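Here the structure is laid out as structure tokens; the discussion comes afterwards.
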Amino acid sequence: MTETVVHVTREQLDLIKELKFQSYTMFALAEDKNDRYTEITNSINELEEKAILRYLGGDKTVEFKVKEPLYRLWGKDFEGEKAYFARKGGLYAPATSYKKYAFTAPLEEIKKWQTPDWEIEKVDD
């Protein structure tokens, strides 16, 4: 039944799904003081933008898929637990034990940040 498939990044998909479950979606977009949703609009074309609006409006014929596989880095912390590499605003941030806060990116970008202490892991969709 899907008529329109839009390929987006994992971060864009997460934000679109978050918007979908807002009580007042358009109000959330209008009052976006921290520019959290600019990641969605910065790299999409007009047709993709219309598909997002249709999806947010309840159109069941629009489907979003991640356009490329994503990866993250992990290593062991001082207690021997699995910890994930994190980045904030282009800067290195302390490692996190939560997968959802880990830095995820395409393989080429992840390899730029890999050191001997970090292992690469594919992100499950």
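The values are calculated or read from the model by the stated rules, or taken from the named source; none is laboratory data. This one's a predicted model, so the numbers in the text were calculated from it and none came from an experiment. Cβ placement follows ideal geometry from the backbone for every residue including glycine, while neighbour counts extend to all protein chains displayed. Heavy atoms of the whole protein, side chains included, go into the accessibility calculation; ligands, DNA and RNA do not. Shrake-Rupley method; radii C 1.70, N 1.55, O 1.52, S 1.80 Å.
Key figures
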| item | result |
| --- | --- |
| Alpha carbon convex hull of the range 17-110, projected area averaged over orientations, nm² | 8.1 nm² |
| Loop-located chymotrypsin sites (Phe, Trp or Tyr not before Pro) in the range 25-100, at most 16 other Cβ atoms within 10 Å (DSSP) | Tyr37, Phe78, Tyr98 |
| Asp32 accessible area, 1.4 Å probe, all protein chains in place, Å² to nearest 10 | 30 Å² |
| Between 0 and 90°, nearest 10: helix 10-20 axis offset from the chain longest Cα axis | 50 degrees |
| 1.4 Å probe accessible area per residue over the chain, in Å² | 70 Å² |
| Rounded to 10°, Cα long-axis angle of helix 46-56 versus longest principal axis of the chain | 90 degrees |
| Carbon and sulfur %, accessible surface of the chain computed with the full protein complex present, 1.4 Å | 51 percent |
| Full-extension gain in nm, Thr4 to Lys50, via 0.36 nm per residue minus C-alpha separation | 15.5 nm |
| Rg(Cα) / (2.2 N^0.38 Å) computed for the range 3-52, rounded to two decimals | 1.11 |
| Cleavage-rule hits, trypsin sites (Lys or Arg not before Pro), the range 38-125, DSSP coil, Cβ neighbours within 10 Å at most 12 | Lys60 |
| The chain: most fluctuating residue of Glu48, Glu31, Glu68 per GNM, C-alpha cutoff 10 Å | Glu31 |
| Assigned charges on the beta-carbon of Lys, Arg, Asp, Glu; the chain dipole about Cα centre (debye) | 120 debye |
